[in-house]
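Here the structure is laid out as structure tokens; the discussion comes afterwards.
The values are calculated or read from the model by the stated rules, or taken from the named source; none is laboratory data. Here the structure is a predicted model, which is why all the values come from computation and not from measurement. Cβ sites come from the backbone with ideal geometry, for glycine too, and all protein chains shown count toward neighbours. Accessible surface areas use protein heavy atoms only, side chains included; no ligands, DNA or RNA. Shrake-Rupley method; radii C 1.70, N 1.55, O 1.52, S 1.80 Å.
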Amino acid sequence: MTSTEQRKALQNQIWKIANDVRGSVDGWDFKQYILGTLFYRFISENFANYIEGGDDSVNYAKLSDDIITAEIVEDAVKTKGYFIYPSELFVNISANANKNENLNTDLANIFKAIENSANGYPSEADIKGLFADFDTTSNRLGNTVKDKNSRLASVLKGVAGLNIHQFEDNENDLFGDAYEFLISNYAANAGKSGGEFFTPQNVSKLIAQLAMHKQTSVNKIYDPAAGSGSLLLQAKKHFDNHIIEDGFFGQEINHTTFNLARMNMFLHNINYDKFNIQLGNTLTEPHFIDDKPFDAIVSNPPYSVKWMGSDDPTLINDDRFAPAGVLAPKSKADFAFVLHALNYLSSKGRAAIVCFPGIFYRGGAEKKIRQYLVDNNYVETVISLAPNLFFGTTIAVNIMVLSKSKTDTSIQFIDASGEEFFKKGTNNNVLTDKHIDQIMEMFDSKVDIDHVAQSVPYEVISNKDNDYNLSVNAYVEAKDTREQVDITQLNQEITDTVTKITQLRTDIDAIIAEIEA
């Protein structure tokens, strides 16, 4: 089988396991157990490989916990960020899962021990609470301890049965791909809530390429609404690791999703010292505010979410929002995320942000923020995407690209909503690599293309007719797909037809007169 076929086979296998072991439990409610178990297996194997150091004569899983010294633990935690004793490894726990009457409590203790191993070390914040959503006492697993253990054993055995290593030598990427495949499927089946924590991979790829376009290196990349980390990880997949010098940063408000994002980093072989994902409300409790600005920012923030806004009088003096002179509406925080990203952006960097279309044409505070962005020459490009690309919404959303290093005052508008820019899917439309390449080529060249792309001077956007409207359809004329009709020819055909009808009536009248005579 080809590499693509191998991955597809693994994905089919893992999704079947995920559905089989959950039984009657809703997949969305059960996702933490499948994802958490896959993560447990990954860090167990990854840690064992680290200890063994490529020495085939050493099998860490078969060693006794008693031979582990404090020095071994300290060295490992400093490097890997955590420690797992041989008896705690996934392979040993899963092997006896069906016979272990204390499985649920043993797992809870192991997860607590792994997290506590980082206490007092630099990795503590990155490890703490990783397994918080893996509740081994939850009634979702069953009403009795026996039922819970039976369900947990099924999950462990199912994940243990994934023969990941037969597919590729680089199991780190494959573990990460399997994890993201699961997250994607859960998101696709979860409706609106799924779209809040996962951005489809191909859209993520486009956003990452826009943010990092022509930057030979970036200091770090940041997502202020990180979700499960999919946007950040697309930057890693698309570019060589060394191009992102100081790592991956993000903030996420949902605790479960925050844990998923941190797990996702580890599963893609990003060590604890190369990522920093924080928990909290980005708009009112921002992290990294005193850090060096970011060279690349990617984000798919929640659409038109409510926020405190003017109810907090201190926010208008916040460095992020003060320059615009107005706060985003309390009922629509979209521009609050945009201004937050702009404030965090370095002088050489770009931010690519998914935006709800309404913010580009509505009046009031949103118009004043658009005016601030345009007058200060921060908007490089606005791209209109095809409908139904995202989970949980069919809306044709836009991407706004911000830059602090533009060389001219024009703004580029790209209409990538036509059928030539997406492939129809069963549940959602899809951006293929070909479509992404088409969009990136237009973004790079800034060449005008009839009905698709137009670079518009500042004077046109700011004049009284357009009044800082940034909607793509205000500047890119839609192609007229109506059938063209030649009126002159049509009139002649009508005249000819009328003449024939008149002659036919004359002939009929003559025939009738002849019969009656």
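Which cross-chain or sequence-distant (5 or more) residues have an amide H under 5 Å from the amide H of residue 381, H modelled 1.01 Å from N in plane?
Under 5 Å from the amide H of residue 381 lie the amide H atoms of 401, 412, each far enough along the sequence or on another chain.
Report the trypsin sites (Lys or Arg not before Pro) located in the range 60-161 that are in a DSSP loop and have at most 15 other Cβ atoms inside 10 Å of their Cβ, or state none.
Counting only loop positions with at most 15 other Cβ atoms within 10 Å, the trypsin sites (Lys or Arg not before Pro) in the range 60-161 are 128.
Are any of the pairs 8/80; 306/368; 237/424; 367/464; 78/157; 31/62 more than 21 Å apart by Cα-Cα distance, and if so, which?
On the way: 8/80 30 Å; 306/368 19 Å; 237/424 25 Å; 367/464 13 Å; 78/157 31 Å; 31/62 31 Å.
Violating the 21 Å Cα-Cα cut-off are 8/80; 237/424; 78/157; 31/62.
Over the range 321-369, how many percent of alpha carbon pairs lie in each 5 Å bin up to the one with the longest distance?
Pair shares across the bins are 4, 21, 31, 24, 14, 5, 0.
Accessible area per residue, 1.4 Å probe, Å², for the chain: what's the number?
Working: 24170 Å² over 517 residues.
Each residue of the chain exposes 47 Å² on average to a 1.4 Å probe.
Using only alpha carbon pairs under 8 Å that are at least six residues apart, calculate the relative contact order of the range 206-270 and give it in whole percent. Show your work: numbers first, answer last.
Numbers: 81 pairs, mean separation 25.6, N = 65.
Relative contact order, the range 206-270: 39 percent.
When Lys and Arg each count +1 and Asp and Glu each count -1, what net charge do the other residues less than 13 Å away from residue 493, Cβ to Cβ, add up to?
-1
What is the gain in length, in nm to one decimal, between residue 65 and residue 464 on full extension, counting 0.36 nm per residue of separation less the C-alpha to C-alpha distance?
Taking residue 65 through residue 464 to full extension adds about 136.1 nm, to one decimal.
Given the Cα-Cα distance of residue 292 and residue 499 and 0.36 nm per residue of separation, how much length would full extension add, in nm?
Numbers: separation 207, 0.36 × 207 = 74.52 nm, distance 8.26 nm.
That pair, residue 292 and residue 499, stretches by 66.3 nm at full extension.
Rounded to the nearest percent, how much of the accessible area of the range 1-95 (1.4 Å probe, protein heavy atoms only) is carbon and sulfur?
On the way: 2260 of 4560 Å².
On the range 1-95, the fraction of accessible area on carbon and sulfur atoms equals 50 percent.
Report the far tail of the P(r) of the chain, meaning the percent of Cα-Cα pairs longer than 44 Å. Display every interim value, and only then the final one.
Numbers: 36941 of 133386 pairs.
Here the tail beyond 44 Å accounts for 28 percent of pairs.
Points 7 angstrom from Cα along the Cβ direction at residue 451 and residue 434: gap in nanometres?
With each label placed 7 Å out from Cα toward Cβ, I get 1.8 nm.
Report, to the nearest whole %, how much of the accessible area of the range 321-433 belongs to carbon and sulfur atoms, 1.4 Å probe, protein only.
Numbers: 1840 of 3890 Å².
That share works out to 47 percent.
Just subtract the alpha-carbon distance of residue 96 and residue 57 from 0.36 nm times their residue separation and send over the number in nm, one decimal. If you can, show how the numbers build up before the last one.
Numbers: separation 39, 0.36 × 39 = 14.04 nm, distance 2.42 nm.
Between residue 96 and residue 57, full extension yields 11.6 nm more.
Hull surface divided by four, with the convex hull built on the Cα atoms of the range 216-314: how many nm²?
If I average the Cα hull's projected area over directions, I get 6.9 nm².
Could you tell me the calculated FRET efficiency between residue 108 and residue 75, based on Cβ-Cβ distance and R0 = 35 angstrom, to the nearest 0.05? Can you show the working numbers first?
Details: r = 27 Å, r/R0 = 0.77.
About 0.85, to the nearest 0.05.
Loop-only GluC sites (Glu not before Pro) in the range 431-495, please: DSSP not H, G, I, E or B, and at most 14 other Cβ atoms within 10 Å. Intermediate results must be reported in sequence, preceding the final value.
On the way: sites: 441, 459, 477, 483, 493; in loops: 477, 483.
Of the GluC sites (Glu not before Pro), the ones in loops of the range 431-495 whose Cβ has at most 14 other Cβ atoms within 10 Å are 477, 483.
Within the range 351-386, which trypsin sites (Lys or Arg not before Pro) sit in a loop by DSSP and count at most 12 neighbouring Cβ atoms inside 10 Å? Numbers along the way, then the final one.
Numbers: sites: 362, 367, 368, 370; in loops: 362.
Qualifying residues, ordered by number: none.
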